[in-house]
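**Student:** The structure follows.
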Amino acid sequence: MKISGIKMFHLRPRFTFLKISTDEGIDGWGEAIVEGRSRTVEMAVKELEPHLIGQDPRRIEHLWQAMYRGTFYRGGPILTSAISGIEQALWDILGKSLGVPVHQLLGGAVRDRIRMYKGIGGSTSQEAYENAKKWRAQGFTMVKTGIDGRAHVMENPSWINREVERIEAIRDAIGNDCDLGIDFHGRLGPALAIRLIKELEKFQPVFIEEPCLPENVDTLVTIARSTTIPIATGERLFTKWAFREVLEKQAAAILQPDLAHCGGIMEGKKIAAMAETYYAGFAPHNPL
């Protein structure tokens, strides 16, 4: 079996699907995109295509290493997202060629149910309360919310109090037998994040996600050491090498690699195995 072609499909609002064709008529599908940079990722795929045409699509690890290590510059969101989409499609081809689901090729299914959480909207405390109440009534045992908009490097007590009031309203709506995750989206500086997290500890969130931007792992370490709330991060980290430092410095208790960005399905499994040795949780990010 040989790879005969690669084609990209862009769909609104921000999805890009990748199709790999073979000379035996088996097609594989993946997602190759960086949100807001879909055409840039498409060009990266086109640059990789000449090296893939004519290759056996079932040699997934070999092709991954060739794509990642084949040039002087490695990593980054564009290249690893292109590789991720290709790698997903290669697994699809392999599974179809053998007539088995991909999970069986990776060691078999571990669980038959996956816990889901619901994101909560609402720009006011009252809206957040009503939304949380509604989703809790529908049976969700966990909800997640973000901070309301962006923040300056430092903020006044009124800003802190507004954020605290909103989280308090959500906790009141869901009760103590429902988990609450809070996503900072990397919008806060480390000093402000520490101040806000301290005020939120009394609501016992299950984690704080991306309390600051992920480029400087030591800042995540400082935040993690300042609180009892578990820290989650990973949607903007790529490949096992980026997650190595997070784990070694114990900067996060929950890893959230995006399988469409981090390097693909097998790379996500490798990151999960690394996390296991540090007793860290693993929660793949995003619907991609």
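The values are calculated or read from the model by the stated rules, or taken from the named source; none is laboratory data. Everything numeric in this text was worked out from a predicted model, so none of it was measured. Virtual Cβ from ideal backbone geometry, glycine too; neighbours counted across all protein chains shown. Protein only, heavy atoms only, side chains kept; ligands, DNA and RNA dropped before computing areas. Shrake-Rupley method; radii C 1.70, N 1.55, O 1.52, S 1.80 Å.
**Student:** Can you give the longest run of the chain that contains no GluC sites (Glu not before Pro) sitting in a DSSP loop with at most 14 other Cβ atoms inside 10 Å?
**Tutor:** Value returned for the longest uninterrupted segment is 25-214.
**Student:** How large is ³J(HN,Hα) for each residue in region 11-23, as worked out from phi by the Karplus curve 6.51 cos²θ - 1.76 cosθ + 1.60 (θ = phi - 60°), to whole Hz, x for Gly and Pro?
**Tutor:** 10, 6, x, 7, 10, 9, 9, 10, 10, 9, 9, 10, 6
**Student:** Output the 0 to 90 degree angle, nearest 10, between the alpha-carbon long axis of helix 190-200 and the longest principal axis computed from the alpha carbons of the chain.
**Tutor:** Tilt relative to the chain: about 60 degrees.
**Student:** Can you spot the lysines whose alpha carbon is less than 25 Å from Lys202's alpha carbon? Ignore those fewer than 8 places along the same chain.
**Tutor:** Partners within reach: Lys118, Lys133, Lys134, Lys144.
**Student:** Let me ask another. Just to confirm the filter: which chymotrypsin sites (Phe, Trp or Tyr not before Pro) across region 1-78 are DSSP coil and have at most 14 other Cβ within 10 angstrom of their Cβ?
**Tutor:** Working: sites: Phe9, Phe15, Phe17, Trp29, Trp64, Tyr68, Phe72, Tyr73; in loops: Phe72, Tyr73.
Sparse-neighbourhood loop chymotrypsin sites (Phe, Trp or Tyr not before Pro): Phe72, Tyr73.
**Student:** So if I take the centroid of the Cα atoms in region 174-238 and the same for region 106-121, what is the distance between those two points in Å?
**Tutor:** Going from one Cα centre to the other spans 22 Å.
**Student:** So what's the gap between the Cα centers of region 45-63 and region 254-274, to the nearest angstrom?
**Tutor:** 20 Å
**Student:** Moving on. If exposed trypsin sites (Lys or Arg not before Pro) are those in a DSSP loop with at most 16 other Cβ within 10 Å, what is the longest stretch of the chain that has none?
**Tutor:** Values: sites that count: Lys2, Arg14, Arg37, Arg58, Arg59, Arg74, Arg111, Arg113, Arg115, Arg150, Lys249.
The answer is 151-248.
**Student:** What list of ³J(HN,Hα) couplings, whole Hz, do you get for region 102-113 from phi and the Karplus terms 6.51, -1.76, 1.60, once you set θ to phi - 60° and write x for glycine and proline?
**Tutor:** 4, 4, 5, 6, 9, x, x, 5, 9, 9, 10, 9
**Student:** Report, in degrees rounded to the nearest 10, the 0 to 90 angle that the Cα long axis of helix 157-174 makes with the longest principal axis of the chain.
**Tutor:** Helix 157-174 and the main axis of the chain meet at about 80 degrees.
**Student:** Would you mind getting the accessible area per residue of region 194-264, heavy atoms of the protein chains only, 1.4 Å probe, in Å²? Please report the intermediate quantities before stating the final value.
**Tutor:** Working: 2800 Å² over 71 residues.
The answer is 39 Å² per residue.
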